[in-house]
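The values are calculated or read from the model by the stated rules, or taken from the named source; none is laboratory data. All of these numbers come straight from a predicted model, not from anything done at the bench. As a convention, Cβ positions derive from the backbone with ideal geometry for all residues, glycine included, and neighbour counts pool all protein chains shown.
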2 protein chains.
Amino acid sequence: MNAAGKTEALKSYISKKGLRSSTQRDFIADTFFRTNTHISLEELLNRVRKKNSAIGYATVYRTMKLLTDGGLAVARQFGDGQTRYENLPAEGHHDHIICIKCSRIEEFTNPEIEALQEKTAKRFGFKVLNHKLELYGYCSACA
Amino acid sequence: MNAAGKTEALKSYISKKGLRSSTQRDFIADTFFRTNTHISLEELLNRVRKKNSAIGYATVYRTMKLLTDGGLAVARQFGDGQTRYENLPAEGHHDHIICIKCSRIEEFTNPEIEALQEKTAKRFGFKVLNHKLELYGYCSACA
DNA sequence: TTGACATTGAAAATGAATATCATTATCATT
DNA sequence: AATGATAATGATATTCATTTTCAATGTCAA
């Protein structure tokens, strides 16, 4: 989904929930939708304040929580104590394969793996909403 | 590796680093080595204090950091704000399925998924050393 | 036994995330 | 356009997990 589509999706989520619009939230969401991936709240706040320095800290948190609840952002913990928010890529879900030497990161999708995950979840009676799959190793240049 | 082996490994790690032994640390580590999986610091502290009520929580934090640095524990973030420590399993790798409401965590292995990961890695010319797969959703009780 | 220094426990400090609250903005209804 | 119910905001306080500080104690090589 592109940024415009996300803006639409957010609008319909807001109206579905009986919420109201605000210029701050629209601006924060739009700024986030234009990022690539894995932005921390601090980074997002910096970008937002470059254009609108009056926007409060808490409003950014609230907006990101709203986007996360609405399925327009994914909150991720990479272990450094800060939550990072991932903007949904245009072409659906992807996973990561990471070189532990040169930090090269490739994205991939594998529908077969997704299907097996679904099957595994059923085995445990879980309803899966999202998942994280990361492969760590050496890329061709570093092997 | 069994608990005794881990105790040995810890001892050699401590001497390699020029640290000293202490009864508190030995006891905390031993308690942890006897756990199964994914214990939070609070849970570990409770178990430790059942036998030795004078042990401070900072010492438990320090000990778990030491075990993590020494490769005898794995710190994991499952998104509920609490770090959980995983005792190294005797029988190799497993993945996780996590309830985002009640934080219930189940382990699973799926050789088919592993094989597909291997195939995916080859497609990118990567040599995979390890991976992380986590499924997030609602368990049967929270659905 | 001694002395350097690692370890401990209690408490204070830190830092990310959330809650509070007075004020302002939104929007369906008049 | 005015009203009123209430959502949203921004500043600040609070919460909660984790880390740091510090004085006292324990460890261990010399």
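Here are some notes:
- Those residues of the stretch A:114-137 which are more than 15 Å from residue B:106 (Cα to Cα) and in a helix (DSSP H, G or I), in sequence order: A:114, A:115, A:116
- Residue that is nearest to residue B:89 (Cα to Cα), among those in the stretch B:110-143 that are hydroxyl-bearing (Ser, Thr, Tyr) and surrounded by 14 or more Cβ atoms within 10 Å (Cβ to Cβ): B:136
- Lone qualifier among B:103, B:15, B:21, B:53 - being in a loop (DSSP other than H, G, I, E, B), farther than 22 Å from residue B:129 by Cβ and modelled with pLDDT of 90 or more: B:21
- Selection status of residue B:58, free of Cβ contacts under 8 Å to residues at least 12 places away in the same chain, under 25 Å from residue B:16 (Cα atoms) and under 12 Å from the mean Cα position of the chain (by Cα): no
- Search result, residues across the stretch B:1-39 that are surrounded by fewer than 15 Cβ atoms within 10 Å (Cβ to Cβ) and within 21 Å of residue B:103 (Cβ to Cβ): B:36
- Selected residue [farther than 25 Å from residue B:75 by Cα and modelled with pLDDT of 90 or more] from A:88, A:66: A:66
- Test: residue in the stretch B:69-89 that is more than 30 Å from residue B:9 (Cα to Cα) and more than 10 Å from every other protein chain (Cβ to nearest Cβ): no
- Selection of the stretch A:1-42 for residues being β-branched (Val, Ile, Thr) and more than 9 Å from DNA strand C (Cβ to nearest atom) yields A:7, A:28, A:31, A:35, A:37, A:39.
- Where residue B:79 falls short, out of the listed (1) within 16 Å of DNA strand D (Cβ to nearest atom); (2) at pLDDT below 90; (3) not in a loop (DSSP other than H, G, I, E, B): (3)
- Taking residues in the stretch A:1-20 that are of a type in the set (A, V, I, L, M), and partners anywhere that are surrounded by fewer than 13 Cβ atoms within 10 Å (Cβ to Cβ) and at pLDDT 90 or above, the pairs with Cβ atoms closer than 7 Å and at least 6 places apart or on different chains are A:3/A:34; A:14/A:21.
- Residue count, the stretch A:43-55 (criterion: within 15 Å of DNA strand C (Cβ to nearest atom) and either surrounded by 11 or more Cβ atoms within 10 Å (Cβ to Cβ) or at positive phi (or both)): 7
- The set of residues in the stretch A:102-140 that are in contact with a strand residue (DSSP E or B) (Cβ under 8 Å, 6 or more places away or on another chain), more than 7 Å from every other protein chain (Cβ to nearest Cβ) and of a type in the set (A, V, I, L, M, F, W, C) contains only A:105.
- Pairing each residue of the stretch B:21-37 that is farther than 11 Å from residue B:7 by Cβ with any residue that is acidic (Asp, Glu) and more than 16 Å from DNA strand D (Cβ to nearest atom), provided the two are 6+ apart or on different chains, yields C-beta distances under 8 Å for B:37/B:107.
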